[in-house]
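In what follows, a structure is listed as structure tokens, so that the remarks can point back to it.
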Amino acid sequence: MTEDQRSRKALVPEAKISYDQALKAATGAVSGSKGVSVELKRGSGGKPEWVTEVAGEDGKAGTVRVDAVSGKAGAPVAKKSDDDDMKELADRLKRATVTPQQAAATATGRKSGTVTAVELDTNDQKKEIWSVDVVTKNDWNKTTFDVDAASRKILREHVDRD
């Protein structure tokens, strides 16, 4: 087993709160916001946490850390962004008609496992995508799916066996 696989094997079972519960807690902490990303990580105290980014319709973003055991959201921390970055993020959120939950459902429909990250991004073709990481518990590999943020079509699938 690789170091990454051992790390996933140690971290994933500790999380009692799913990615979508973490996103719900994070968007609940910032009124009127939408989820931009969520990722399961080991927090500074050694406990599992979901690190989320949420943004309002204006593209103003913030980070909210959610305890992956209790589901308690921490205080939002505003991200420093200039007007162009905020406009770009606001535009990407408008073009992304697929929700993070729908993208994750598409990915787990292809490969059963635990969603450990979902992030709104653009691919090399400048298309909005949701990048979804799914960890399988039989081998602790991570598969990343690029899901079209407008059609839910899987555009890319990559298995990380490291």
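The values are calculated or read from the model by the stated rules, or taken from the named source; none is laboratory data. On a predicted model such as this, the values are computed, not experimentally measured, just so you know. Because the Cβ atoms are built from the backbone with ideal geometry, glycine has one as well, and the counts that use them run over all protein chains shown. Heads up: the accessible areas ignore ligands, DNA and RNA and are worked out on the full protein's heavy atoms, side chains in. Shrake-Rupley method; radii C 1.70, N 1.55, O 1.52, S 1.80 Å.
Could you check region 1-21 and list, in sequence order, the residues that are touching a Gly at 6+ places or on another chain (Cβ under 7 Å) and among the aliphatic types (A, V, I, L, M)?
Looking only at region 1-21, we keep the residues that are touching a Gly at 6+ places or on another chain (Cβ under 7 Å), and these are 17, 21.
The one that is touching a Gly at 6+ places or on another chain (Cβ under 7 Å) and among the aliphatic types (A, V, I, L, M): Ile17.
Which ones in region 82-107 are open to solvent by 50 Å² or more (accessible area, probe 1.4 Å) and touching a Lys or Arg at 6+ places or on another chain (Cβ under 7 Å)?
Hit for region 82-107 is Gln102, nothing else.
Are any of the residues in region 76-95 closer than 17 Å to Asp148 by Cβ, among the aliphatic types (A, V, I, L, M) and under 17 Å from the mean Cα position of the chain (by Cα)? Outline the logic, then answer.
Keep residues of region 76-95 that are closer than 17 Å to Asp148 by Cβ, which gives 91-95.
Now narrow it down to the ones that are among the aliphatic types (A, V, I, L, M): 93.
Then keep just the ones that are under 17 Å from the mean Cα position of the chain (by Cα); that gives 93.
Yes, the conditions are met somewhere in region 76-95.
Please note which strands (runs of 3 or more DSSP E) are completely contained in region 108-162 and include at least 3 residues that are surrounded by 19 or more Cβ atoms within 10 Å (Cβ to Cβ).
Where strands (runs of 3 or more DSSP E) fall fully within region 108-162 and carry at least 3 residues being surrounded by 19 or more Cβ atoms within 10 Å (Cβ to Cβ), they are 114-122, 128-135, 142-148.
Within region 28-47, how many residues are open to solvent by 40 Å² or more (accessible area, probe 1.4 Å) and not aliphatic (A, V, I, L, M)?
Total satisfying the criteria: 10.
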